[in-house]
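Bear in mind that the values in this text are calculations on the coordinates, not laboratory data. Keep in mind that what you see is a predicted model, and the values were worked out from it rather than measured. Every residue, glycine as well, gets a Cβ built from its backbone with ideal geometry; the counts of neighbours run over all protein chains shown.
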Amino acid sequence: MLKIIEKAEKTHNLSKEEIIEILKIDDYNKELFEAADRVRKAYVGDEVHLRGLIEFSNICKQNCLYCGLRRENKNIERYRLEPDTIIEFAKKAREIGYRTLVLQSGEDDYYNLERMKYIIREIKKLDVAITLSIGEKTIEEYGEYKDAGADRYLLRIETTDKANYEKLDPGMSFDNRIKCIKQLRELGYEVGTGCLIGLPNQTIESLADDIMFFKEIDADMIGVGPFIPNGDTPLKDEKGGTFELALKVMAITRLLLPDSNIPATTAMETLNKQGRIIALQSGANVAMPNVTEGEYRKKYMLYPGKICINDTPAHCRGCITGKITSIGRHVSDHYGSRRKSK
Ligand code: SAH
Ligand code: SF4
């Protein structure tokens, strides 16, 4: 096992069988996390990039079984922010230091091309990098957002098991998800993807495929988070993922993609109070604090137990900065784009 970890640290390549081996056996987790931490330090350094997350609408036309925003969930109070409110939140986030803003929502058609372009153009004037996380669109729309100033796009594959994906995301097509990710790449976006850990019927083999997929498409950003069952969804009685397994998938991802941007995900912190710090010490180099204001934070409920729902953007920034400096790292003051090592 130590040989496999060493191989990954040196060559950044593993076979599927080797990944499975690491995932199956827990006796060498400490060594795995330390190796991922060394690779992180060697390739992306000690700085941590903070991305301010604006959750601008919890209205979604999709029906993903795991997600609280799914259209059939009647137990959620829906909201959508007007473009000028989103721009206002962005300005405040810029003022407290953010250099990247992530605009995230359900798949909400209220934000047509014209509205999205207006939002992107106005926010771009603030001199920030813009990441979109608004789901599946046409290549034309992706192209127009890019021309308006969007730099990056997050679209998790969720799981590379096509049959399971299509069961969990009824009405959605796995092939289209892949097509979207490829189109975003062709258009010149920095592309982020990722997966959920602990989905029903998900196997270790399938998680190994997920990691191989990140490597194959050379993802610029990879978000790995535990699936946390939501009481208002059909998966309410499922077990969900564990912090430890999510951390392992994340650490192996760091070993294989040494210069990618990898967040310490908020869902990890939901399962473990020190989750983000532990993740930052096991391969991660990014955190995505919430900059949504007021009561909207509570209403953007993908999963229960979401952290910081009563805090302000300024508080969150101060809190995470304190944690980062307490482990001898520092918050970066630039956009934090991926810098390829070769
Ligand atoms: N609608 C967009 C973006 C919002 S959802 C999209 O789907 O791409 C953002 C992410 O939340 C999803 O990619 C999914 O991985 C995650 N998510 C949804 N429900 C979750 C749950 N119950 N536990 C953990 N993460 C969840
Ligand atoms: Fe909608 Fe995204 Fe949730 Fe699926 S994961 S229901 S697309 S918000």
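The mean sequence separation of alpha-carbon pairs under 8 Å and at least six residues apart, normalised by the residue count of segment 21-331, gives a relative contact order of 24 percent. Put simply, the amide H of Asn290, placed in the peptide plane, has neighbours under 5 Å in Leu53, leaving out anything fewer than 5 places away on its chain. Distance between the pseudo-spin-label points of Glu136 and Glu205 (7 Å out from Cα toward the beta carbon): 2.6 nm.
With only the Cα atoms considered, segment 21-331 has a convex hull volume of 119 Å³ per residue.
Which chymotrypsin sites (Phe, Trp or Tyr not before Pro) in segment 94-154 sit in a loop by DSSP (not H, G, I, E or B) and have at most 13 other Cβ atoms within 10 Å of their own Cβ? Walk me through the intermediate numbers first.
Details: sites: Tyr98, Tyr110, Tyr111, Tyr118, Tyr142, Tyr145, Tyr153; in loops: Tyr98, Tyr110, Tyr111.
Counting only loop positions with at most 13 other Cβ atoms within 10 Å, the chymotrypsin sites (Phe, Trp or Tyr not before Pro) in segment 94-154 are Tyr110.
Between the DSSP loop rule and a limit of at most 10 other Cβ atoms within 10 Å, which trypsin sites (Lys or Arg not before Pro) in segment 61-97 are left?
Working: sites: Lys61, Arg70, Arg71, Lys74, Arg78, Arg80, Lys91, Lys92, Arg94; in loops: Lys61, Arg70, Arg71, Lys74, Arg78.
Those that pass, being in a loop and sparsely packed, are Lys74.
Secondary-structure-derived ellipticity at 222 nm for the chain, considering helices only, amounts to -13000 deg cm²/dmol, per-run term -39500 (n - 2.57) for DSSP H runs with n ≥ 4. Looking only at GluC sites (Glu not before Pro) in DSSP loops with at most 12 other Cβ atoms within 10 Å, what is the longest site-free stretch of the chain? Counting only loop sites that pass the neighbour cut-off, the longest clear stretch is 78-294. Residues in segment 329-342 carry Karplus couplings, in order, of 10, 9, 7, 6, 10, 10, 4, x, 6, 5, 10, 5, 7, 9 Hz; the curve used is 6.51 cos²θ - 1.76 cosθ + 1.60 with θ = phi - 60°, and Gly or Pro positions show x.
What does the C-alpha gyration tensor say about the overall shape of segment 235-342? Classify as rounded when a/c is under 1.5, otherwise prolate if a/b is larger than b/c, or oblate.
Details: a/c = 1.86, a/b = 1.18, b/c = 1.58.
Oblate shape, in that a/c is at least 1.5 and b/c is the bigger or equal ratio.
Are there any trypsin sites (Lys or Arg not before Pro) in segment 194-282 that are in a DSSP loop and have at most 13 other Cβ atoms within 10 Å? List them by number. Sparse-neighbourhood loop trypsin sites (Lys or Arg not before Pro): Lys236, Lys239, Lys273.
In this label model, Lys41 and Glu216 are separated by 3.4 nm, measuring between points 7 Å along each Cα→Cβ vector. Once backbone amide H atoms are built at 1.01 Å from N, Ser332 has Val48, His49, Leu50 as its partners under 5 Å, excluding neighbours fewer than 5 places away on the same chain. If only the Cβ of Lys and Arg carry +1 and only the Cβ of Asp and Glu carry -1, the dipole of the chain around its Cα centre is close to 600 debye. A simple spin-label model places pseudo-atoms 7 Å from Cα toward Cβ; at Lys340 and Asp237 they are separated by 4.9 nm.
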